[in-house]
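Everything below concerns the one structure shown next.
Laboratory data are not the source of any read-out in this text; all were calculated from the coordinates shown. Quantities reported herein were computed from a predicted structural model and do not represent experimental measurements. Cβ: placed from backbone, ideal geometry, glycine included. Neighbour counts: every protein chain shown.
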Amino acid sequence: MLVREIMKTPVTTISPDTTFLEACKLLHEKGIRHLPVMENGILAGVITDRDVRFATSALCPSPQQGSDPVRSAMSASVVTADPSDPIEEAARVMRGQKIGCLPVVEDRSVVGIITNMDLLDALLKLAGVYDSTGRLEVSLDDVPGELARLTSFFGHRNVNIRSILTYPNGQGLIRTVLRVDTNQTLPLAEALREAQFTVLWPMPKPWLR
Amino acid sequence: MASVIYHPEYRRYDFGEDHPFTPARLACLMDLLASLGYPISAVEPPVASREEILTVHDEAYVAAVEALDRGESTAGAMEHGLGTPDNPIFPGMDLAARWLVGGTLHGARMIAGDDETRVLQLGGGLHHAARAKAAGFCLYNDLAIAIQEFVSRGWYVAYLDIDLHHGDGVQSLFYESDRVLTVSLHESGYYLYPGTGHIHELGSGSGRGMKINIPLEPFTEGDDYLEAFDAVVPQALSWFSPRVLVVQAGADGHFADPMGDLALTTRTYQALYARILDLAARHTEGRVLFTLGGGYAPAVVPRVWAILYLTLMNLPVPERLPEDWLAKWAHVLGPGAISTLHDPDPPYPAFAGGEERRRRNRNTVSRLLDSLSRYWY
């Protein structure tokens, strides 16, 4: 999944001379938390709702007035993304820098923006939770061909896999979470066990163990 | 006493051999009741018309079902949820599904027309069907069509879903409606199909606070299920003041059901049915329409639904299953089928984790009630 697939457009931007009052109004009206600041067509900074609130708060050592320009409160060194970056790279940057948004820049112009909310949406999409599905968890050996064996199991039964997530469990095994387009996950789990897969969920009924 | 609705054409709703949603479940149930000395005398409903289906479903979807039914191109089947292992295409499926809808709709009209207060539709309960999609064995949403019939007459309807699975189709078709309260108790969608039915799905617009979900932990046992029911359902009905109760009485929450992980017993179901009738007496002058639903353990489903029938008819629940019935259906019931109507006591060996399940279920209910308190007054 690429940044261009999840970024929001068009982007609401302001200039360094926009006042705190105007910026605040925009943030509220649009229901957003980040405003890229543009100067002469080039990205000059980002200001967040928190920047605006703090700069104008009585708790700020030198509080600004609503009529002052936002220039002094914006972050001037901005971390950006390219539309073709994979989203996991964007996530790593945002997590590493502890920032809430990345303006997406192409040919020096801002073509979109992604925020941590967009990454959550992406996670939901990756997990396949938007479809009516059942969930299976299978533990696989971390060797070539195991995932293929698992997916062909479903292919042979004409069961559509809506999403598949894998992650290492730290002990040489790969935990695999599938969302499948059927409500017959318990019978599937039984058949998987018969085919020598380690099914973590659904588990056998505890009173039958 | 209750009126029972059934039509032999219900048997046409058959996805084929090895499919769990088989009409054999019904035949086995009716035969059990007859063997117990209570042969069913049923009202035969008319089949639902295409127009009646369209009160809830999209025309494009119905047209797709009809085309696939006639064996025309299967292009576009998948987008309508058809041709999958859950919902295979079979000849005559449009008509078969309309028979089931016809029954539930007829039940609604009997109640709306003051001809009857208590109705049991021996079929239907296709709660997963969406506006433009078949899902989870459900082609047309008979429940929603029946509810829409009440709504079109200005009635307020409370829908109660005790199937193992979340009643997602009915909930979403009335998500914004302030005429329809939906309450679904089900195994948590964290694991189980369809994956929805979380406590924060509360409805939207003027229907906010009128969609209620009680997702329960896998392996939740009867007492905890009834505790959750008692904590939410009576209050909800008291607040909403419905004129009629529509109940999807799926039996797949039973501990032996092969599709899920709830651990209800025949005694839980009997207690549940009694509670529902009591609530109907208190809130809807007894008006209640029951349908069947999920339920996939051949040796369990006829027993659970026989108890439903006997309870609705104010008949005693006999202890033993008739020998002739056990012999006749042995091939369906499978080896080791028990000889009593109720589950043995204890029904299964005790198992661990009860404290943690109870803690989580109680927390779910308490968080749900906290959210609802903003809308209930």
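What to note about this one:
- Exposed-site-free run, longest, chain B (rule: GluC sites (Glu not before Pro); DSSP loop; at most 11 other C-beta within 10 Å): B:73-284
- Span-like helix ranges in chain B, DSSP H, alpha carbon extent 20 angstrom or more, Kyte mean at least -0.5: B:93-112, B:222-240, B:266-283
- Within 10 Å of each Cβ in B:250-257, the average number of Cβ atoms from other chains: 1
- In Hz, Karplus ³J(HN,Hα) per residue of the range A:36-50 (6.51, -1.76, 1.60; θ = phi - 60°; x = Gly, Pro): x, 10, 10, 9, 6, x, 10, 5, 10, x, 9, 10, 10, 4, 5
- Computed lengthening from A:Arg53 to A:Glu22, 0.36 nm per intervening residue step minus Cα-Cα distance: 9.9 nm
- Centroid-to-centroid, using Cα positions, the range B:146-188 and the range B:57-99 are 24 Å apart.
- Calculated mean residue ellipticity, 222 nm, chain B: -11500 deg cm²/dmol, from DSSP H runs (n ≥ 4) at -39500 (n - 2.57) each, averaged per residue and rounded to 500.
- Averaged over peptide A:171-183, the number of partner chain Cβ atoms lying within 10 Å of each residue's Cβ comes to 3.
- Convex hull volume of the C-alpha atoms in the range B:1-115, normalised per residue: 112 Å³.
- Size of the protein assembly as shown: Rg and Dmax of its alpha carbons, in Å, are 27.6, 91.
- Beta bridges per DSSP with both ends in chain B, % antiparallel, nearest 5: 10 percent
- As a proxy for reagent exposure, ranking B:Asp114, B:Asp69, B:Asp257 by other Cβ atoms within 10 Å from fewest up yields B:Asp114, B:Asp69, B:Asp257.
- For the range A:158-193 versus the range A:68-98, the gap between their alpha-carbon centres in whole angstrom: 36 Å
- Other residues within the sphere of radius under 12 Å centred on the Cβ of B:Gly293, judged by their own Cβ, net out at -4 (K and R +1, D and E -1).
- Computed from the C-beta positions of B:Met1 and B:Glu59 and an R0 of 35 Å, the FRET efficiency is 0.30 to the nearest 0.05.
- A Cα-only calculation for chain B places Rg and Dmax at 19.4, 56 Å.
- Net charge dipole size for the protein assembly as shown [Lys, Arg +1 and Asp, Glu -1 on Cβ; Debye, nearest 20]: 1020 debye
- Projecting the Cα atoms of B:Ala130, B:Leu279, B:Ala231 onto the charge dipole of the protein assembly as shown (Cβ charges, centred on the Cα centre) puts B:Ala231 farthest toward the positive pole.
- Straight-line cross-link reach from B:Lys133 at under 24 Å between alpha-carbon atoms covers these lysines, not counting any fewer than eight positions away in the same chain: A:Lys125, B:Lys211.
- Peptide B:82-91 has a mean of 3 when you count, residue by residue, the C-beta atoms of other protein chains within 10 Å of its C-beta.
- Of the residues A:Val104, A:Asn160, B:Val4, the one whose Cα sits farthest towards the positive end of the charge dipole of the protein assembly as shown is A:Val104 (charges of +1 on Lys and Arg Cβ, -1 on Asp and Glu Cβ, taken about the Cα centre).
- Think of each Lys and Arg Cβ as +1 and each Asp and Glu Cβ as -1; about the Cα centre, that makes the dipole of the range B:138-255 roughly 680 debye.
- Calculated [θ] (222 nm, deg cm²/dmol) that DSSP helices of n ≥ 4 give over chain A, each run adding -39,500 (n - 2.57): -9000 deg cm²/dmol
- Multiplying the residue separation of B:Ala67 and B:Trp376 by 0.36 nm and removing their Cα-Cα distance gives an extension gain of 106.7 nm.
- Debye, to nearest 20: dipole size of chain A, +1 on Lys, Arg Cβ, -1 on Asp, Glu Cβ: 680 debye
- Rounded Å value of the spacing that divides the Cα centres of the range A:1-63 and the range B:310-377: 57 Å
- Relative to the current alpha-carbon distance between B:Ser204 and B:Arg153, full extension at 0.36 nm per residue lengthens the span by 16.1 nm.
- Cβ-Cβ FRET estimate between B:Asp223 and A:Leu123, R0 fixed at 35 Å, reported to 0.05: 0.40
- The calculated FRET efficiency for the pair A:Ser139 and B:Ser49, based on their C-beta separation and a Förster distance of 51 Å, comes to about 0.50.
- The coefficient of translational diffusion for chain A, derived via Stokes-Einstein from the alpha carbon Kirkwood radius under 37 °C and 0.692 mPa s, stands at 161 µm²/s.
- For the protein assembly as shown, share of DSSP beta bridges that run antiparallel, in % to the nearest 5: 55 percent
- Local charge for B:Glu227 was computed over the other residues whose Cβ lies under 13 Å away, with Lys and Arg +1 and Asp and Glu -1, and equals +1.
- C-alpha long axis of helix A:87-97 to longest principal axis of chain A, angle in °: 50 degrees
- With the convex hull drawn around the C-alpha atoms of the range A:3-123, the volume per residue stands at 103 Å³.
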